[in-house]
Amino acid sequence: MENSIQFISVTPQDLANLISESVKVHLEQLSINLQSKSSKDETEFLTRKQTAELFGVSLATIHDWNNNKSLKPYKMGNRTYYRRSELLETLYSSNT
């Protein structure tokens, strides 16, 4: 088998345009992926245990946050759930 080297004459401007187009395509794909993930997160609910793990706190702390209205729980029977998007919003707003 013979090794061959190909030289392609590309101007610096052409190379910059090729790179720019490639980056643009990848950014558009990333944007689409993030939008679909964001819409999934808005409808995703977490249990008390998952919420505690997300924040790195104990279940007792989650209970305290419920009592002082820091979190908005959703009840179904004797189960408690939290909307992921609201938890993240609470986290981001508490840091500003």
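The values are calculated or read from the model by the stated rules, or taken from the named source; none is laboratory data. Source: prediction; values computed, not measured. Here the Cβ is made from the backbone with ideal geometry for all residues, glycine too, and neighbour counts use every protein chain on show.
General observations
- So E44, is it modelled with pLDDT of 85 or more and in contact with a helix residue (DSSP H, G or I) (Cβ under 6 Å, 6 or more places away or on another chain): yes
- Whenever a residue of the range 79-94 is touching a residue at least 60 places away in the same chain (Cβ under 8 Å) and closer than 13 Å to F55 by Cα, it has no partner that is among the hydrophobic types (A, V, I, L, M, F, W, C) and surrounded by 15 or more Cβ atoms within 10 Å (Cβ to Cβ) lying with C-beta atoms less than 9 angstrom away and at least six residues away or across chains.
- Just one of the numbered conditions (1) of a type outside the set (A, V, I, L, M); (2) modelled with pLDDT of 90 or more; (3) within 20 Å of the chain's Cα centre (by Cα) is not true of H26: (2).
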